[in-house]
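The values are calculated or read from the model by the stated rules, or taken from the named source; none is laboratory data. Remember, predicted model here, so these are calculated numbers, not experimental data. Cβ placement follows ideal geometry from the backbone for every residue including glycine, while neighbour counts extend to all protein chains displayed.
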Amino acid sequence: MDTERTPADPGPQDDRPGGHGQPGAHRAGATAAVARRPWYARPLTWIITVLAVIAVVVAAIIGVRIYADSQNSNAPAAFSSQSATDQGQAGDISGSWKTADGSQAGYRVGEVLNGEDVTVVGRTEDVEGDITIDGTSLKQGSTITVDLSTVTTDEDRRDKYFTSKAVDTSQYPDATFTVDSDTDLAALASDGSAEVEVPGTLEINGKKQDATVTMKASRSDDGLTVTGSTAVTWEDYGVKAPDMGFVSVEDSGSIEFSLNLEQA
């Protein structure tokens with residue numbers, strides 16, 4: 001005889017997956033399993049993380065480029081480009097000359113910052129000239145001396161490195177250019193301006209090398225204005241250029257000067 005089921009009797013329970021015993025409990029377990037997945041197993045999280053990393057990298061690249069553009073646009077122009085050699089006054093240039101107020105000197109070098117080229121310029125007003133012109137001849141032994149310990153750029157950390165590690169300014173504070181042979185300045189006397197190549201010896205960091213200064217000069221009633229520069233390879237003078245991975249310094253640069261000269 002069949003046994004009748006009462007409405008309260010749920011009948012046999014089916015524990016198989018997909019069975020009809022407790023479908024609600026099975027779905028809840030599946031949902032809980034999904035919720036317990038680690039963050040790295042969630043596609044949306046991965047997408048957000050990757051996008052964030054890309055945004056940081058792009059911002060860093062743009063930031064470096066903006067900094068490089070700003071530095072290059074703000075870098076002082078080379079002294080030689082500021083010399084008005086076509087506006088001089090003809091006249092006597094013979095005598096002993098010394099530097100007057102407004103004279104400057106320093107260095108110019110290229111840096112590479114995370115792949116971006118940056119122009120660095122260091123300047124000081126601590127420069128002395130001991131110049132002798134006999135008639136129209138710049139005499140051998142004339143000198144220009146720059147106090148490297150006071151050269152500054154727009155970055156204190158760079159300046160501290162330059163004056164302590166790049167150049168031992170505690171022992172060799174000065175850079176000196178000495179004229180090696182007489183140089184004709186007849187055009188300066190007759191035309192009021194001249195551009196000449198001056199052979200000499202450059203001493204930096206206690207080391208001496210032959211150097212040729214490209215010099216522009218003009219004459220006025222107030223005195224002489226002289227600008228010039230010479231190329232240098234830092235290693236020749238024992239100058240240690242930093243290379244810190246993200247920033248490096250070019251192997252060569254230039255020493256430049258702008259002198260206002262008055263009769264001594």
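Scanning the range 157-191 for residues that are farther than 14 Å from residue 240 by Cβ and aliphatic (A, V, I, L, M) turns up 175, 179, 185, 186, 187, 188, 189. Of all residues in the range 180-202, those that are assigned to a strand (DSSP E or B), of a type in the set (A, V, I, L, M) and crowded, with 19+ Cβ neighbours inside 10 Å total 3. In the range 80-109, the qualifying residues are those that are touching a Ser or Thr at 6+ places or on another chain (Cβ under 9 Å) and under 19 Å from residue 152 (Cβ atoms), and the one that is modelled with the lowest pLDDT is 109. Selection of the range 203-221 for residues being within 25 Å of residue 93 (Cα to Cα), among the β-branched types (Val, Ile, Thr) and buried (at least 21 other Cβ atoms within 10 Å of the Cβ) yields only 213. Among the residues of the range 200-209, not a single one is in contact (Cβ under 8 Å) with a residue 40 or more places away in the chain, in contact with a Ser or Thr (Cβ under 8 Å, 6 or more places away or on another chain), polar (S, T, N, Q) and assigned by TED's automatic domain parsing to the domain that holds residue 97. I need the full set of residues from the range 182-202 which are under 20 Å from residue 258 (Cβ atoms) and under 29 Å from the mean Cα position of the chain (by Cα), in order please. Of everything in the range 182-202, those that are under 20 Å from residue 258 (Cβ atoms) and under 29 Å from the mean Cα position of the chain (by Cα) turn out to be 197, 198, 200, 202. In the set 156, 126, only one residue is within 26 Å of residue 219 (Cα to Cα) and out of contact with any Cys (no Cβ under 7 Å at 6 or more places or on another chain); that residue is 126. Scanning the range 96-121 for residues that are of a type in the set (Gly, Ala, Ser) and exposed (fewer than 15 other Cβ atoms within 10 Å of the Cβ) yields a count of 3. Go through the residues of the range 184-193 one by one and say whether even a single one is at pLDDT below 95, in contact with a strand residue (DSSP E or B) (Cβ under 6 Å, 6 or more places away or on another chain) and not aliphatic (A, V, I, L, M). Checking the range 184-193: at least one residue is at pLDDT below 95, in contact with a strand residue (DSSP E or B) (Cβ under 6 Å, 6 or more places away or on another chain) and not aliphatic (A, V, I, L, M).
In the range 209-244, the residue that is farthest from the chain's Cα centre (by Cα) out of those that are in a loop (DSSP other than H, G, I, E, B) and farther than 19 Å from residue 188 by Cβ is 238.
Condition check ((1) farther than 20 Å from residue 231 by Cβ; (2) outside the structural domain of residue 204 (by TED's automatic domain parsing); (3) not in a strand (DSSP E or B)) across all residues:
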{"residue": "90", "(1), (2), (3)": "yes, no, yes"}
{"residue": "107", "(1), (2), (3)": "no, no, no"}
{"residue": "128", "(1), (2), (3)": "yes, no, no"}
{"residue": "132", "(1), (2), (3)": "yes, no, no"}
{"residue": "149", "(1), (2), (3)": "yes, no, yes"}
{"residue": "162", "(1), (2), (3)": "no, no, yes"}
{"residue": "168", "(1), (2), (3)": "yes, no, yes"}
{"residue": "175", "(1), (2), (3)": "no, no, no"}
{"residue": "178", "(1), (2), (3)": "no, no, no"}
